[in-house]
Structure formats: C-alpha cells, structure tokens
1. Only residues that are within 12 Å of the ligand (Cβ to nearest atom) and either in contact with a helix residue (DSSP H, G or I) (Cβ under 8 Å, 6 or more places away or on another chain) or over 22 Å from Ile39 (Cβ atoms) (or both): list them for the stretch 161-185, please.
2. Within the group Val293, Val217, which residue is aliphatic (A, V, I, L, M) and under 21 Å from Leu112 (Cβ atoms)?
3. Please work out if Tyr108 is within 18 Å of His173 (Cβ to Cβ) and in the same structural domain as Trp150 (by TED's automatic domain parsing).
4. Tell me yes or no: at least one residue of the stretch 222-239 is part of a strand (DSSP E or B), polar (S, T, N, Q), open to solvent by 50 Å² or more (accessible area, probe 1.4 Å) and more than 13 Å from the ligand (Cβ to nearest atom).
5. Just for the stretch 31-57: of the residues that are hydroxyl-bearing (Ser, Thr, Tyr) and open to solvent by 30 Å² or more (accessible area, probe 1.4 Å), which one is nearest to the chain's Cα centre (by Cα)?
6. For the condition away from the ligand (no atom under 16 Å from the Cβ) and of a type in the set (Asp, Glu), what is the one hit in Asp102, Asp93, Asp89, Asp61?
7. For the stretch 268-315, which residues satisfy the criterion of being touching a residue at least 24 places away in the same chain (Cβ under 8 Å), outside any strand (DSSP E or B) and of a type outside the set (Val, Ile, Thr)?
8. Lys247 fails exactly one of the following numbered conditions: (1) open to solvent by 70 Å² or more (accessible area, probe 1.4 Å); (2) more than 26 Å from Lys86 (Cβ to Cβ). What is the number of that condition?
Amino acid sequence: MELLFLEPIFKERIWGGSRLKTDFGFDIPSNTTGECWAISAHKNGATNIKNGKFSGMSLKDLWMNHKELFGQGFSVRPREFPLMVKILDAKADLSVQVHPGDAYAKKYENDLGKAECWYILNATGDAKIIYGHSAKNIEEFKNLALNNQWDKLLTSVKIHTGDFFDVPTGTVHAVGAGALILEVQQSSDTTYRLYDYGRTDDSGNLRELHLDKSFAVIKAPHKSSNNDIEVIALDNESTLTVLTSNKHFEVQKLFVQGNLCFMNNAKYLLVCAIDGEAVINGYKVKKGDSFIVPNQIKDLDIIGEISLIITKEAN
Ligand code: ZN
C-alpha cells in the first residue's frame, strides 16, 4: 500500500500574492494567487492523486469508490469527503466574514458548514487578523455593524509565525495582509461576507455583502476557542503538538529531527509538509508536499528534518 500524494489546485484571489511560489516553490497561475487547495474533494476543486495505481483519480472519486482506504463502513460513511486543507497567501486583507454551521449550510447552501482553523506559517511585520468581536449579543452586533462602527465592533489580534487559531462556525474573522496560513477546514466553500472595508474593484464596484445570513449565524458574545497548546517530547529531538481536537477534526504538528516511527491510530491521515525534508516510508517528502496515509498503513518511518501538519477526521 502506498502513500497517496496529491496535485495541488490554485485559486486566484484579489487579495492573493506570489508567496506560494517564492516560499513554497509552487507553479502558480499569477502573482495574485491566494489559495493552494492542497487536499480537497470539494465540487469546486478536487485534487488528483499523483502517484501509484490511483494516479490521475480525484480524491472525490477515490472517496466514493475506495472506502477501504479511509477505514469507513459503508452505512455510516459521510457522503462527502469531510475535510479540506489549504495554504493561504494574503497579500491584502481578506474581507471580514463568518461561516454557517452544518444545519444552516445544508438548508440554505447545499454545502457543509465550515469550521476552520489556522496555523500561521509566516507572519510579516505587523500582520494581524480579525478574530471575534466586542458585542454582548446579536442586537448590539447588528446595531454597531449597521452604523458602520467596525473599529469598535471587531477585535484585531497581532499574529506571529507558529500561532494557532481555532475558528468554529459563527466566529467573525478575517485573515490580514502579510499572513501565510495553513488552513484545515470542513469541506465547504460557503462564506458570508460581512464587511469589505468599503473597497471597490477596478470598475468601482463594491463586492457583495451577505448581512442577513451573517447575522443569522454569528455567535454573540464571541467566545475564544483557543486552548492551551501542549507540546509532547517524543524523543530527544522530535515533538508532537496537538493544535486542536474538536468535533470535526484533530490537527497536530509533528516535528521530526533524525529518525522516528509515527503510528497511525486513525482511520486515515491528511499530511502537509510545511518545512524541511525527509524520507517517509521510502518516499522523498519536502516542504509543500501533501499526502494521505490510507487506513492500511499503520506506521510512518520518517528519516530527516521535517515539520508536518497532520489532520485526522474526528471520531
Ligand atoms: Zn473563513
């Protein structure tokens, strides 16, 4: 059984830049490339397997037709592959937004909800994010929003390389300029735009806002979901950090220096290399590579110096 490496997909965005090329070596379509969809089975862009006997098959088709790789019983398996991993390059601020939970997204968007979380790969100078708000309840939120008192309403947080943020559904948030982020999320493409700083496009048009839907899903008051992060020493050099474990996914950072055998005790793993290089089960893996560890592979033999972000589906 092989590790399943994926061919990334790139999305141009008005806020995107060129760091997916300069920092990660990806072959990007333009200097306004905002997103690398590293692992995705979403209908708006499914990544293909690029090695071995499943080469050329999309992750969507693999999920539908080879359930054994994901350790799923047919009756309890979700219809859609539940997770997605992206790398975001924000050259400019993203709009302030919020995502619905599963029930609302299913009813109004025929999509999953979008719980997400961010590992800050790199933050330049004074990079910030919007994370939460100051309103005590949704009436106060609406009142401040409709009166354009965004400075009073939105909470801005300075970010540093290596920071981590859990962003459950209903959380008001925005990635800020200068942030390079690895995002793990539910497999969803539903975003409600709340505020876009009054920016216009080349033709002088404002981007569409979705205020009513935003107000329907925003959680007020804001509750920070960041827990203390625990770093576990695996041996003299290597460490494992549990970044989050929530009802949708568990995300860990594994740093290996030297030689380590990492056990897969989950149904399957989604792995992104974010720094360094190593040989893993005989495959050369370097920063920017993403792969799936199928159910049949229980041990990862890692030799080298590498940082991996490892995602598991929640039980
Ligand atoms: Zn978001």
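The values are calculated or read from the model by the stated rules, or taken from the named source; none is laboratory data. Keep in mind that what you see is a predicted model, and the values were worked out from it rather than measured. Note: ideal-geometry Cβ built from the backbone for every residue, glycine included; neighbour counts use all protein chains shown. All accessible areas refer to the heavy atoms of the entire protein, side chains included, with ligands and DNA or RNA removed. Shrake-Rupley method; radii C 1.70, N 1.55, O 1.52, S 1.80 Å.
1. Thr169, Gly170, Thr171, Val172, Ala174
2. Numbers: Val293 fails: under 21 Å from Leu112 (Cβ atoms).
So the residue among Val293, Val217 that is aliphatic (A, V, I, L, M) and under 21 Å from Leu112 (Cβ atoms) is Val217.
3. So Tyr108 fails the test.
4. No - not one qualifying residue is present in the stretch 222-239.
5. Thr32
6. Working: Asp102 fails: away from the ligand (no atom under 16 Å from the Cβ); Asp93 fails: away from the ligand (no atom under 16 Å from the Cβ); Asp89 fails: away from the ligand (no atom under 16 Å from the Cβ).
The conditions single out Asp61.
7. Tyr268, Asn281, Lys287, Gly288, Asp289, Pro294, Asn295, Gln296, Lys298, Ala314
8. (2)
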